[in-house]
1. Being farther than 20 Å from His181 by Cβ and in a strand (DSSP E or B) is the filter here, so list the residues in region 116-141 that pass it.
2. If you go through region 116-170, how many residues are surrounded by fewer than 16 Cβ atoms within 10 Å (Cβ to Cβ), within 20 Å of Gln64 (Cα to Cα) and under 20 Å from the mean Cα position of the chain (by Cα)?
3. Output the residue which, of all residues in region 199-221 that are among the polar types (S, T, N, Q) and under 22 Å from Pro119 (Cα atoms), is surrounded by the most Cβ atoms within 10 Å (Cβ to Cβ).
4. If we scan region 189-198, do we find a residue that is crowded, with 16+ Cβ neighbours inside 10 Å, under 14 Å from Met104 (Cα atoms) and without any contact (Cβ under 8 Å) to a residue 24 or more places away in the chain?
5. Pick out, from region 52-115, the strands (runs of 3 or more DSSP E) lying fully within it that include 1 or more residues that are in the same structural domain as Asp204 (by TED's automatic domain parsing), without any contact (Cβ under 8 Å) to a residue 40 or more places away in the chain and surrounded by fewer than 20 Cβ atoms within 10 Å (Cβ to Cβ).
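The values are calculated or read from the model by the stated rules, or taken from the named source; none is laboratory data. Note that this is a predicted model, so its numbers are computed, not measured. Cβ placement follows ideal geometry from the backbone for every residue including glycine, while neighbour counts extend to all protein chains displayed.
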Amino acid sequence: MKNGGWLRCPKPPATPNQPSRFHRRVDSAACPRFSGRALKVFLLLVSLAAAGCARRAPLPVFGQIPDFHLISQTGEPFDRKSLDGKIWVADFIYTHCPGPCPRMSAQMRRVQTAVASLPDVRLVSFSVDPDHDTPPVLAEYAVRYHAQPGRWFFLTGDQKTLDSLDRHAFMLGNVDGSMQHSTRFVLVDRQGKIRGYYGTDQDDPTAHLIADIRRLARETS
């Protein structure tokens with residue numbers, strides 16, 4: 001029955017668990033289901049809305065790494081321009097460290113394995129004891145942790161340069177001969193900008209670090 005232009009579904013009979021044929025027929029006419037095409041459009045709109053909500057904001061920028069000139073484990077010069085266009089992870093260690101350095105290098109090796117399919121990712125370990133960590137010493141340490149040549153670099157050189165990088169660029173600490181150093185990893189993008197710090201309050205920060213490396217890899221260079 002029409003009322004004000006609306007078609008009302010009639011009330012169910014006294015036995016709602018067993019509706020009459022008439023009631024089922026009017027229900028179907030008055031309250032139609034989505035057509036197949038309309039349902040597809042509806043689902044598409046829901047999917048697009050969900051994708052938009054799920055899109056994450058870009059990683060923040062914490063600073064810029066300046067140019068530097070150091071020496072790698074191969075004895076060859078290594079500067080910041082060697083990393084232009086690369087995503088890279090940095091840490092500060094020393095080879096005779098009795099504390100966290102072996103764990104950090106093992107975690108860095110885990111990152112190396114996880115990003116093997118990403119050719120533009122590099123790993124860079126800076127020594128906080130450049131007097132002891134000569135290129136041959138760093139080369140031996142690199143072999144111990146299965147560092148891939150051309151992928152994972154161990155750097156030494158002028159202490160003032162290393163101290164300036166640690167303190168002013170990465171903002172992690174000092175290279176002053178005390179062997180005190182941060183245990184955090186730092187993620188740097190293709191333009192030399194710091195995009196993340198990982199560690200300290202995390203027992204194993206590699207999962208989060210690897211995920212963010214992949215996020216940067218999807219960004220346009």
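1. Of everything in region 116-141, those that are farther than 20 Å from His181 by Cβ and in a strand (DSSP E or B) turn out to be Val121, Arg122.
2. 1
3. The selected residue is Thr206.
4. yes
5. Those strands (runs of 3 or more DSSP E) span 77-79.
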